[in-house]
Amino acid sequence: MPVNYKPFDKAEWLRLEAKAHELRKFTLQTSIWGGSGHMGGALSAMDIMTILYHRFMKHDPSNPDWDDRDRFVLSKGHAAVGYAPLLVDLGYMPVEELHIFNLTGSKIGMHLDSNKVRGVDFSTGSLGHGISLGVGAALAGRMKGKDYMTFVLCGDGEMNEGSNWEAIMSAAHYKLSSLVVFVDNNKCMIDGRVNDVMSIEPIDKKFKEFNFNVGRIDGHNFSQLNIAIEAAIQNFKNGGDKPTAIILDTYKGEGVDFMKDDYVWHYGTLDEEKATRAFASLEKYYEERKARAEREGK
Ligand SMILES: Cc1ncc(C[n+]2csc(CCOP(=O)(O)OP(=O)(O)O)c2C)c(N)n1
């Protein structure tokens, strides 16, 4: 699949909104099929995953091992309940696989196994390892003379893991400009708010001090996401010598009113009544998102 460098106009913005909406619904549906899921962190991450796979990444569902593909590491591997539907939607697997999400015998578990799930570059789930994997992938690309990008998506709570900071230090040391680390800064983790458990702020300044190029944006705004990712890719193409970190200010459970900004929805189950409310809330949210794209898009 070629890199899609069409201009980011209103039509493109609306196309991404429609896709993210579809995938948010698909995420809830997957957790219903499986009986549960980490919906909060999947919903906060849906916009970044959508724009990466649907606008920027070189990848080919008919050839997942294509050597020139861009790499993606879902370091916050528990967001698989959102990532697996995205891969299904792209054609990496049939939808029937999701009907048994995380159930006995399913290839698709609560965290995705790259040996079992087509399209997944790295198995994740144990937090704190995705940036190391990304450093390895970016170094391998350099050694093989490839020009692929490596994108790593971390959680903000995940930044509590010390291993991240060793990997961040090595990414800067090796001047890995093909590496882009996103932090899904939704301010919540598994059983509390990040600021109460272990604050990571000022996270943008920390990356800067570790010699990264740093952006900090609204992670639910496709226009801002587009500008930040384009800049990161251009940095690599133009021979830049620093990796990039993009801090995404987001909300856990984004799109579903009763989940939004509430760590209780890190992991959960939707009964019929809650499911009805959640889907209705997503429809309302989509109308607001479309209205913003109409208003601000060019
Ligand atoms: C090494 C490790 N320790 C603990 C866990 C359990 N765990 C799963 S999700 C989570 C919280 C992560 O918070 P954050 O990174 O902010 O995720 P998000 O809010 O984006 O879902 C924890 C502690 C784990 N998966 N791996």
Filtering the range 112-139 down to residues that are closer than 22 Å to Q234 by Cβ and surrounded by fewer than 21 Cβ atoms within 10 Å (Cβ to Cβ) yields L139
> Quick check: anything in the range 237-251 modelled with pLDDT of 95 or more and in a helix (DSSP H, G or I)?
Replying inline: yes
Considering the range 148-168, residues that are assigned to a helix (DSSP H, G or I), of a type outside the set (A, V, I, L, M, F, W, C) and over 15 Å from the mean Cα position of the chain (by Cα), and then whichever is nearest to D60 (Cα to Cα), we arrive at N164
| message | Take A84 and tell me if it is farther than 19 Å from V180 by Cβ and buried (at least 16 other Cβ atoms within 10 Å of the Cβ). | response | yes
Next item on the list: Determine, yes or no, whether E166 is farther than 30 Å from V264 by Cβ, surrounded by fewer than 21 Cβ atoms within 10 Å (Cβ to Cβ), of a type outside the set (G, A, S) and within 16 Å of the ligand (Cβ to nearest atom).
Entry: yes
Those residues of the range 71-103 which are part of a loop (DSSP other than H, G, I, E, B) and farther than 27 Å from D147 by Cβ amount to M93, P94, V95, I100, F101, N102, L103
Scanning the range 173-210 residue by residue, those away from the ligand (no atom under 13 Å from the Cβ), assigned to a helix (DSSP H, G or I) and buried (at least 21 other Cβ atoms within 10 Å of the Cβ) turn out to be F207
In the set N238, N226, N221, N213, the lone residue that is away from the ligand (no atom under 16 Å from the Cβ), of a type in the set (S, T, N, Q) and surrounded by fewer than 16 Cβ atoms within 10 Å (Cβ to Cβ) is N238
Taking the stated definitions as given, is G77 within 16 Å of the ligand (Cβ to nearest atom) and touching a Cys at 6+ places or on another chain (Cβ under 8 Å)? no
Contact list, first residue from the range 167-196 and free of Cβ contacts under 8 Å to residues at least 40 places away in the same chain, second anywhere and among the hydrophobic types (A, V, I, L, M, F, W, C), beta-carbon distance below 8 Å, six or more apart or interchain, is A167/I131; A167/V135; S170/V135; Y174/V135; Y174/A138; Y174/L139; V194/C188; V194/I200
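The values are calculated or read from the model by the stated rules, or taken from the named source; none is laboratory data. Since this is a predicted model, take the numbers as computed values, not measurements. For neighbour counting, all protein chains shown are included, and Cβ atoms are generated from backbone atoms with ideal geometry for every residue, glycine included.
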